[in-house]
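The values are calculated or read from the model by the stated rules, or taken from the named source; none is laboratory data. What you see is a predicted model, and the numbers here were worked out from it, not measured in a lab. Positions of Cβ are generated from backbone atoms using ideal geometry, with glycine treated the same way; all protein chains shown enter the neighbour counts. Ligands, DNA and RNA are excluded from the accessible area calculation, which covers all protein heavy atoms including side chains. Shrake-Rupley method; radii C 1.70, N 1.55, O 1.52, S 1.80 Å.
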Amino acid sequence: MGGHDMTLARLTDLLAAADRAGGALGAFNVFSIEHAEALVAGAEKAGAPVVLQISQNAVRYHGALAPIGLATLAIGRATGVEVVVHLDHCTQEELVAEAVELGFGSVMFDASALSYADNVAATARVVQYCHARGVEVEAELGEVGGKDGVHAPGARTRPTEAAEFATATGVDALAVAVGSSHAMTERSALLDLDRIADLHAAVPVPLVLHGSSGVPDEEIVRAVRAGMRKINIATHLNKVFTDVVRSLLAADPALVDTRKYLGPARDAVAEEVARLLGLLAGAGGNGPVTGSR
Ligand code: G3H
Ligand code: ZN
């Protein structure tokens, strides 16, 4: 792992490269150090860039951002692939400031639960703060539901409003509601592909798909072809991780060494990340999946 320049990548650079290739950037959530290791191992295997993102909820779980954040930054710096370390779904401006201080390259400030005017005002403030410090910002317009565990595919972001929002706030990327929902454990969601294409045509910054765990592979490819440039996946990889842990513990009641089940779980996540990054990179090509269903 030695010999690398220890610098992290910029989100906008990777999004621009994905756009040129007609593919999308994979963004995966870090809950424990094993996840960060797995995501980078998967990216190395795929030879692709990756976004390691830590959500405000994960910070709450750990009780602090610094320990998991600094570990993730160290893992991201110690690899030859391009890595962005990103704060995900943050509603607290103090936590944004802490991430900036620690060296995160970008943050997602999520004021999507607020009114349009309040979302614009809060997001613009965060953009001004972050850009002054060389940090990039993703925001959300139109609430992607499901964080309460209930599949809520109904919300839609309006293209004209999204374009206006991007211009008014100066954000670098925009998460939009197009039919996905957070925390699905079945991959069965269908997206509003026409809406994605309309948003892609109207909005001047790259689009982000949240709640992609519930979206099947072929539908993710269609979403990328319609213009999605950052694909956020968390629950699906947790499922891969936990399936391995569950089966190893069930198979051996005498097993106590945490490394004996977390290690194989980490390996399984790395494999799946490599596969997903390959899917996203190739999404722009002329594979068997066409733009329409
Ligand atoms: O911000 C993170 C993603 O939107 C993850 O959602 O757990 O449904 O894949 P997911
Ligand atoms: Zn999300």
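Using 0.36 nm per residue and subtracting the Cα-Cα separation, the extra length available between Glu164 and Arg259 on full extension is 29.2 nm.
Convex hull over the alpha-carbon atoms of region 80-121: what's its volume per residue in Å³?
Details: hull volume 3.1 nm³, N = 42.
Taking the convex hull of the Cα positions in region 80-121, it is 74 Å³ per residue.
Taking 29 Å as the straight-line reach from the Cα of Lys147, the lysines in range (excluding those fewer than 8 positions away in the same chain) are Lys230, Lys239.
A crude spin-label estimate for the pair Asp118 and Glu218, with each label 7 Å from Cα along the Cβ direction, gives 4.2 nm.
If you model region 153-293 as an ellipsoid using its alpha carbon gyration tensor, with each semi-axis the square root of five times an eigenvalue, the axes come out at 34, 16, 13 Å, biggest first.
At q = 0.14 Å⁻¹ the log10 of I(q)/I(0) for region 1-148 amounts to -0.66, computed by Debye summation with a single uniform scatterer per C-alpha, solvent ignored.
Among the GluC sites (Glu not before Pro) in region 138-223, those placed in a DSSP loop whose Cβ has at most 15 other Cβ atoms within 10 Å are Glu186.
Could you work out [θ]222 nm for the chain from helices alone, using -39500 (n - 2.57) per DSSP H run of at least four and dividing by all its residues? Round to the nearest 500 deg cm²/dmol.
Values: 11 runs with 142 residues, N = 293.
One gets -15500 deg cm²/dmol as the mean residue ellipticity at 222 nm.
The Cα center of region 190-229 and the Cα center of region 74-146 differ in position by 20 Å. The tail of the calculated P(r) for region 18-77, taken as Cα-Cα distances beyond 15 Å, holds 49 percent of the pairs. Here the simple spin-label model places points 7 Å from the Cα toward Cβ, and for Ile33 and Arg293 these points are separated by 4.3 nm. Rounded to the nearest Hz, the phi-derived 3J(HN,Hα) couplings of region 201-213 under the Karplus curve 6.51 cos²θ - 1.76 cosθ + 1.60 (θ = phi - 60°) are 6, 8, 8, x, 10, x, 9, 10, 9, 9, x, 6, 4, where x marks glycine and proline.
Note the direction-averaged projected area, equal to a quarter of the hull surface, for the Cα convex hull of region 93-221, in nm². Please report the intermediate quantities before stating the final value.
Details: hull surface 31.7 nm².
Orientation-averaged projected area of the Cα hull: 7.9 nm².
The eigenvalues of the Cα gyration tensor, multiplied by 5 and square-rooted, give region 4-282 an equivalent ellipsoid with semi-axes of 28, 21, 18 Å from largest to smallest.
In this structure, Arg125 and Glu271 have a Cβ-Cβ separation that, at R0 = 45 Å, corresponds to a calculated FRET efficiency of about 0.65.
Approximating the spin labels as points 7 Å out from Cα along Cα→Cβ, the Leu102-to-Met6 distance works out to 1.9 nm.
Solvent-accessible area per residue in region 4-282 equals 40 Å², computed with a 1.4 angstrom probe and all protein chains kept.
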